[in-house]
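Trainee: Supplied in structure tokens, the structure appears directly below.
The values are calculated or read from the model by the stated rules, or taken from the named source; none is laboratory data. Keep in mind that this is a model prediction, so the values were computed, not measured. For neighbour counting, all protein chains shown are included, and Cβ atoms are generated from backbone atoms with ideal geometry for every residue, glycine included.
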Amino acid sequence: MVKRRPTSTRDEKVENLIANHSMIFMGMFEEAFSAIADQMTAALSEGAGAIADVLARGATSEPGGTGVGRTLKDEVTPAVRAEIGNLFSGIREEMSSQWPKDAAVFKRYISSPAFDKGVEIVESFDFQRPKLTEKLSDEVLASYVFLLHSGDKELGRMFKELREWQAALPKPPWAR
């Protein structure tokens, strides 16, 4: 019997999308992420895109592969992982202060069918990592930040579509 991951409800996908998109967007402007990417890239001959893949997969190297994954994995030290965790912890704190305290208010807000378009956008792309509609680890969130820093055109296109989608959404009642 094949075990399947439990699927998220529509509301969970929307909530994850809003939180993950915001965290990645905020992470793009954190100088510390640029510094981490620069340090790791300097230590290796690989770019931020390769670092993003290692963080996302958490794998060492693929069978029959070049072994690059193993080298990159070794460079993602516990100290780097802790620094990434600390950065996202701060971002989560900031987001939490702006999030509605009443879950029912948020649920009513996202009940609009306009939110389904964001889920459709995310699910139409595949970056070989968990999607923004899922609950993501700090490493996967960081992998998206590093992938954006590396200039990934497809991810840039998805974020452009998400930005346009968000601009058309109603303003949250708690932000007025």
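Trainee: Only one of 140, 145 is part of a helix (DSSP H, G or I), touching a residue at least 24 places away in the same chain (Cβ under 8 Å), under 26 Å from residue 79 (Cα atoms) and in contact with a Pro (Cβ under 8 Å, 6 or more places away or on another chain). Can you tell me which?
Mentor: Within the list 140, 145, the selection yields 140.
Trainee: Right, something else. Is there any pair linking a residue in the range 149-163 that is of a type in the set (A, V, I, L, M) to one that is surrounded by 12 or more Cβ atoms within 10 Å (Cβ to Cβ) and part of a helix (DSSP H, G or I), with Cβ under 6 Å and at least six apart or on different chains, and which?
Mentor: Correct list of pairs: 155/147; 155/148; 162/21; 162/121.
Trainee: Still on this model: Say whether the condition of being within 17 Å of residue 34 (Cβ to Cβ), under 20 Å from the mean Cα position of the chain (by Cα), buried (at least 18 other Cβ atoms within 10 Å of the Cβ) and of a type in the set (Val, Ile, Thr) is met by at least one residue in the range 140-160.
Mentor: yes
Trainee: Checking the conditions here, which among 171, 131 is closer than 20 Å to residue 14 by Cα, free of Cβ contacts under 8 Å to residues at least 24 places away in the same chain, in a loop (DSSP other than H, G, I, E, B) and in contact with a helix residue (DSSP H, G or I) (Cβ under 7 Å, 6 or more places away or on another chain)?
Mentor: Just a single option satisfies the conditions, and that option is 131.
Trainee: Here is a follow-up. Within the range 161-176, can you find the residues that are touching a Pro at 6+ places or on another chain (Cβ under 8 Å) and exposed (fewer than 13 other Cβ atoms within 10 Å of the Cβ)?
Mentor: 173 - this is the single residue of the range 161-176 that is touching a Pro at 6+ places or on another chain (Cβ under 8 Å) and exposed (fewer than 13 other Cβ atoms within 10 Å of the Cβ).
Trainee: Still on this model: Filter the range 96-134 down to the residues that are surrounded by 13 or more Cβ atoms within 10 Å (Cβ to Cβ), under 21 Å from residue 147 (Cβ atoms) and not aromatic (Phe, Trp, Tyr) and list them by number.
Mentor: If the condition is that a residue be surrounded by 13 or more Cβ atoms within 10 Å (Cβ to Cβ), under 21 Å from residue 147 (Cβ atoms) and not aromatic (Phe, Trp, Tyr), then 118, 119, 121, 122, 123, 129, 130, 131, 132, 133, 134 are the ones that fit.
Trainee: I would also like to ask the following. List pairs: first in the range 71-99 and at pLDDT 85 or above and among the aromatic types (Phe, Trp, Tyr), second surrounded by 16 or more Cβ atoms within 10 Å (Cβ to Cβ) and assigned to a helix (DSSP H, G or I), Cβ under 7 Å, 6+ apart or cross-chain?
Mentor: 88/23; 88/138; 88/141
Trainee: Oh, and also: Residue 117 - would you say it is in contact (Cβ under 8 Å) with a residue 60 or more places away in the chain, assigned to a helix (DSSP H, G or I) and over 15 Å from the mean Cα position of the chain (by Cα)?
Mentor: No.
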